[in-house]
Structure formats: C-alpha cells, structure tokens
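Visitor: Quick one: the structure is below, questions incoming.
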Amino acid sequence: EKLDAGSDGTGIGLTLVHGVEVATVRDPWAEDSRPKADAMVTDRPGLLLGIVTGDCAPVLFADAEAGVIGAAHAGWRGAVAGVLEATIAAMEAHGAARGRIAAAIGPCIAQPSYEVGPDLRDAVLAHDAAHARFFAPGRREDRWQFDLPGYCLARLRAAGAGAAAALHQDTLQADERYFSFRRAT
C-alpha cells in the first residue's frame, strides 16, 4: 500500500502500518525513504497530499486559513487507536485551529458490505461502549456489519473538527469505480 511515486522517482506517499503515526511533509521524499505512517500533514504551499486505501477510509483535512492540510488512512485499527485525532493534533502543531479544520471521508467500505467478527467489535467497544451504535446485526451468527465511515465521522466530530462529511461511496459495491481489497481477495 504505497502511493505511486512521481515521474522523477519522488513522491509523497507512505508505507502504511495501520497505526497512528503522522509524518510531516516538508519536501517530497525518495521512494526508498517513505515514512512508516498512516497520516501526513504539511503547511508548505504547492504540496499535494493523498492516501491510497483498499477499503479503509481515506480522510482529507484542511484548515484553509492557516494553510495546513492533512491526509489519513483510517482503517478500523488506526481509527480506534486515534489516527484521526493524531492528524488533527499534528495539524495544530503547524498552526491549524481544530475548529477550523474541515475533514472529508472518501470512498471506503460501507456498513452493508463490512461484515466483522468479535475481535473488531470488542476493540471498538473497549474504546467506548457507546460506539455499539456503529454495529448492525450480521448475516451470520457472531458477526456484525460495521459502519466505518459513520465511526470515523463520530471520531472527527468528537475531536472538535470544525466540519466533517463522508462521501458515502462503497468501495466493495462500486467495482467499476474503486479498488476493494475485500473484493480482490
């Protein structure tokens, strides 16, 4: 899971680790020196950030007034661990204001397509029992349908993002438009 490098061999991609590490981007880096992180931020004009996902939630952040942007890969592990909050905090360290940050959740796996087992459900509920609202009964015993974009929206709002919205495009179902790791495997 790496963002493709530019034609000159440099890029602003990450080696994703499903964690909470946030890289600060000052300049593009070489292919062989990509940080192991799931989010990145910059305050440098002219740099574009992007995140590659296979069903996880790509989340883009911006504080237009401060000129600070961010991009995060929010799979369930990273979302539970706090990658969205860590991205907001990293943006604040570069002059952003939490209440001015707008966040957009791109295409990711949607609740009807995302059947999960007790390990995921237990991890989410251990963080906050009120998050049971993001689980619907599964099609099989001991399975649930998890609302990843809804969960990410709730985490962004609880973190104080000024605005947060989701595209609500299901990567698993929209096979003509998006790659899906679950569909591919």
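The values are calculated or read from the model by the stated rules, or taken from the named source; none is laboratory data. Here the structure is a predicted model, which means the values were calculated and not measured. In this analysis, Cβ positions are derived from the backbone assuming ideal geometry, glycine residues included, and neighbour counts consider all displayed protein chains. Side chains are part of the model used for accessible areas, which takes the heavy atoms of the whole protein and leaves out ligands, DNA and RNA. Shrake-Rupley method; radii C 1.70, N 1.55, O 1.52, S 1.80 Å.
Visitor: Residue check, residue 113 against (1) touching a Gly at 6+ places or on another chain (Cβ under 9 Å); (2) touching a residue at least 60 places away in the same chain (Cβ under 8 Å); (3) polar (S, T, N, Q), all met but one. Which one?
Guide: (1)
Visitor: Further, regarding this structure: Tell me yes or no: at least one residue of the range 137-147 is assigned to a helix (DSSP H, G or I) and without any contact (Cβ under 8 Å) to a residue 24 or more places away in the chain.
Guide: Step one: filter the range 137-147 for residues assigned to a helix (DSSP H, G or I), giving none.
No; the residues of the range 137-147 include none that is assigned to a helix (DSSP H, G or I) and without any contact (Cβ under 8 Å) to a residue 24 or more places away in the chain.
Visitor: Still on this structure, I have one more. Would you say residue 115 is of a type in the set (Asp, Glu) and more than 30 Å from residue 183 (Cα to Cα)?
Guide: Numbers: of a type in the set (Asp, Glu): yes; more than 30 Å from residue 183 (Cα to Cα): no.
Against the criterion (of a type in the set (Asp, Glu) and more than 30 Å from residue 183 (Cα to Cα)), residue 115 does not qualify.
Visitor: How many residues, within the range 121-135, are in contact (Cβ under 8 Å) with a residue 24 or more places away in the chain, crowded, with 19+ Cβ neighbours inside 10 Å and among the hydrophobic types (A, V, I, L, M, F, W, C)? Break it down into steps so the answer makes sense when it comes.
Guide: Going residue by residue through the range 121-135, those that are in contact (Cβ under 8 Å) with a residue 24 or more places away in the chain are 121, 123-124, 127.
Remaining after also requiring crowded, with 19+ Cβ neighbours inside 10 Å: 121, 124.
In the following step, the residues that additionally are among the hydrophobic types (A, V, I, L, M, F, W, C) were identified as 124.
The total comes to 1.
Visitor: Counting just the residues of the range 73-83 that are open to solvent by less than 10 Å² (accessible area, probe 1.4 Å) and touching a Gly at 6+ places or on another chain (Cβ under 8 Å), which one comes out nearest to residue 44 (Cα to Cα)?
Guide: 83
Visitor: Can you name every residue in the range 113-132 that is among the acidic types (Asp, Glu) and closer than 19 Å to residue 55 by Cβ? Reasoning before the result, please.
Guide: The first filter runs over the range 113-132 and keeps only residues among the acidic types (Asp, Glu), leaving 115, 119, 122, 128.
Scanning the range 113-132 gives 115, 119.
Visitor: Kindly list the number of the only condition in (1) of a type outside the set (A, V, I, L, M, F, W, C); (2) at pLDDT below 95; (3) farther than 16 Å from residue 57 by Cβ that fails for residue 137.
Guide: Unmet condition: (2).
Visitor: When residue 110 is evaluated against the numbered criteria (1) aliphatic (A, V, I, L, M); (2) open to solvent by 40 Å² or more (accessible area, probe 1.4 Å); (3) in contact with a Ser or Thr (Cβ under 9 Å, 6 or more places away or on another chain); (4) within 21 Å of residue 174 (Cβ to Cβ), which criterion, by number, is the only one it fails?
Guide: Checking residue 110 against (1) aliphatic (A, V, I, L, M); (2) open to solvent by 40 Å² or more (accessible area, probe 1.4 Å); (3) in contact with a Ser or Thr (Cβ under 9 Å, 6 or more places away or on another chain); (4) within 21 Å of residue 174 (Cβ to Cβ), the one that fails is (2).
For (1) closer than 20 Å to residue 78 by Cβ; (2) aliphatic (A, V, I, L, M), each residue gets a yes or a no:
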| site | (1), (2) |
| --- | --- |
| 106 | yes, no |
| 118 | yes, no |
| 123 | yes, yes |
| 126 | yes, yes |
| 139 | no, no |
| 151 | yes, no |
| 155 | yes, no |
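Visitor: Which of the residues spanning the range 45-72 are of a type outside the set (Val, Ile, Thr), within 20 Å of residue 92 (Cβ to Cβ) and either in contact with a strand residue (DSSP E or B) (Cβ under 6 Å, 6 or more places away or on another chain) or surrounded by 14 or more Cβ atoms within 10 Å (Cβ to Cβ) (or both)? Please lay out each step first, then the result.
Guide: First, the residues of the range 45-72 that are of a type outside the set (Val, Ile, Thr): 45-50, 54-58, 60-67, 70-72.
Applying the additional criterion that residues be within 20 Å of residue 92 (Cβ to Cβ) yields 45, 47, 49, 60-67, 70-72.
Within the range 45-72, 47, 49, 60, 61, 62, 63, 66, 67, 70, 71, 72 qualify.
Visitor: Looking for something open to solvent by 40 Å² or more (accessible area, probe 1.4 Å), under 14 Å from the mean Cα position of the chain (by Cα), on the phi < 0 side of the Ramachandran plot and at pLDDT 95 or above - is there at least one such residue anywhere in the range 165-178?
Guide: Scanning the range 165-178, I find at least one residue that is open to solvent by 40 Å² or more (accessible area, probe 1.4 Å), under 14 Å from the mean Cα position of the chain (by Cα), on the phi < 0 side of the Ramachandran plot and at pLDDT 95 or above, so the answer is yes.
Visitor: Output the residue which, of all residues in the range 148-164 that are outside any helix (DSSP H, G or I) and not aliphatic (A, V, I, L, M), is most open to solvent (accessible area, probe 1.4 Å). Don't jump to the end; show me each part of the working.
Guide: Of the range 148-164, the ones outside any helix (DSSP H, G or I) are 159-164.
Then keep just the ones that are not aliphatic (A, V, I, L, M); that gives 160, 162.
Working: 160: 30, 162: 47 Å².
For the range 148-164, the residue satisfying everything is 162.
Visitor: Still on this model: Can you name the residue in the range 57-99 that is assigned to a loop (DSSP other than H, G, I, E, B) and closer than 13 Å to residue 159 by Cα and is also farthest from the chain's Cα centre (by Cα) among such residues? Don't jump to the end; show me each part of the working.
Guide: Within the range 57-99, the first condition is being assigned to a loop (DSSP other than H, G, I, E, B), and the residues that meet it are 64-67, 75, 82, 93-97.
Okay, now just the ones that are also closer than 13 Å to residue 159 by Cα, so 82, 97.
Working: 82: 10, 97: 20 Å.
Out of the qualifying residues, it is 97.
Visitor: (1) out of contact with any helix residue (DSSP H, G or I) (no Cβ under 6 Å at 6 or more places or on another chain); (2) in a strand (DSSP E or B): which one isn't true of residue 121, the others all being true?
Guide: Going through the list (1) out of contact with any helix residue (DSSP H, G or I) (no Cβ under 6 Å at 6 or more places or on another chain); (2) in a strand (DSSP E or B), residue 121 breaks only (2).
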